[in-house]
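One structure is given below, encoded as structure tokens.
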Amino acid sequence: VSGPTPDDVRVVITELLNQKLKQQTREPLNNLPDDYDLLLSEGLDSLAFVEMMTAMGERLDWEVDLAGLDPESVTVVGPLCTFVSEQLRERS
Amino acid sequence: MKVLLIGEQAAGVRTLQSLAQSEARIAAVMASPARQIGHGGSLWNLAVKLGYTTWPAELVRDPNFATQVYDEGVDIILNVYSMFLIRKEILAAPRLGSFNLHPGPLPRYAGLNSVCWAIYKGESEHGVTLHKMVPEIDAGPIVYQEVVGVESEETGLSLTGKCVTVGVPLVLRLLETAAQGPANIPLVAQDLTKREYFGREVPENGNLSWNCPARQISNFVRASDFFPFPSPWGAPRSKLGDLTLGISKVRLTGRPADVPPGTVGAQSDGGVEVASRDEWLVVRQMFREGKYISAREVLRAGDRFVDYATLPGLAP
């Protein structure tokens, strides 16, 4: 099975999150833990989250489709990375 | 330019972020103090974090609050997706007036959930309007207006995002124009003969009829789609036996259906096919008892949804 691992996806998410934080003149983050909630932890608004997913889709050549993920987990780094990784690996 | 920002949601957050980097002086930020879980960072929390004075948004219901606005020397009230109706005394208190950013191409699509209605009605274009506020909702003269495209797969959430992205710069443009001289602010009266107003109602009371063209069903579902965030309309409902299910994601197939509308077909493309009046649709995600579920968990070939128009008390 090829395709990005959850840790590969995490690297992309971290980079995109840090771009958002930079726009808000905030300090960058490293080593996002599995239970890190992109909305609740960083106060990103819903549109910033959607923009992040769109950018991640372009970066990973991933059709942004979160329909199979529990909405409670969709903004949490661990489940999100696993879900995106599984989708991409299934496709490849 | 001294500004009082009244707002909510991501649009309010984006506006405050932009104002904070502009030359505007912010008298205070008015929003709902309670954090809305699932909506991300609230305007209230951001204002506190940035060190601005915060007032509860519901104060705009009190006509006596106009005195405070006047005493603060507010030049402009900016109303960005606030959930409260502002009393006319307060609208008149700022030196240059009160202005509202509305996610709709006024005079059409005035009122609530205009983004949802635009997708539901199959519009190919929508718009954002910055207008001066008058006591009648969304009826004041237009300052600036921009058009946004509505794509074939647009959802309520994605179109909301487009409107915010295009709308927030209009607010900054207003402040720049006002700083050059209030007389420069364009105020174009609306043609109220073309006014369309939408309230809290949801099309078909939120019930989905499979006895409609597939495109119409898709429009209704996409208009209601704010996943993973709460939808103002909820997911369109349909009955399967004793189950009431929300239909939250569908995909058009373009393949003609020659079975009765509502008939469940084969699994396909990440979901399960259901017949509409003219084509098969793939139902990909559903909503049951407060949870999103895969259509594959519930639907079986040969099942048939009940058409709501035949249910007692549900026909329009």
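The values are calculated or read from the model by the stated rules, or taken from the named source; none is laboratory data. The structure displayed is predicted, hence computed values, not measured ones. Note that each Cβ is placed from the backbone with ideal geometry, even for glycine, and that neighbours are counted across all protein chains shown. Just so you know, the surface numbers come from the protein's heavy atoms only, side chains and all, with ligands and any DNA or RNA stripped out. Shrake-Rupley method; radii C 1.70, N 1.55, O 1.52, S 1.80 Å.
Quick notes
- In segment A:49-69, residue farthest from B:LYS49 (Cα to Cα) [restricted to those that are within 13 Å of the chain's Cα centre (by Cα) and facing chain B (nearest Cβ under 7 Å)]: A:LEU66
- Residues in segment B:287-310 that are within 14 Å of another protein chain (Cβ to nearest Cβ) and either within 16 Å of B:THR253 (Cα to Cα) or not in a loop (DSSP other than H, G, I, E, B) (or both): 9 in all.
- Some residue of segment B:88-98 being touching a helix residue (DSSP H, G or I) at 6+ places or on another chain (Cβ under 9 Å) and within 14 Å of chain A (Cβ to nearest Cβ): no
- Listed by position, the strands (runs of 3 or more DSSP E) inside segment B:197-286 whose residues that are at pLDDT 95 or above and not charged (D, E, K, R) number at least 3 are B:243-256, B:264-268, B:271-275.
- Here is the figure for segment A:13-27: residues that are more than 17 Å from A:GLY57 (Cα to Cα) and open to solvent by 80 Å² or more (accessible area, probe 1.4 Å) total 4.
- Hits in segment B:141-158 - residues which are part of a helix (DSSP H, G or I), more than 11 Å from chain A (Cβ to nearest Cβ) and either over 14 Å from the mean Cα position of the chain (by Cα) or aliphatic (A, V, I, L, M) (or both): none
- From B:ALA223, B:ALA179, residue being crowded, with 19+ Cβ neighbours inside 10 Å and more than 14 Å from every other protein chain (Cβ to nearest Cβ): B:ALA223
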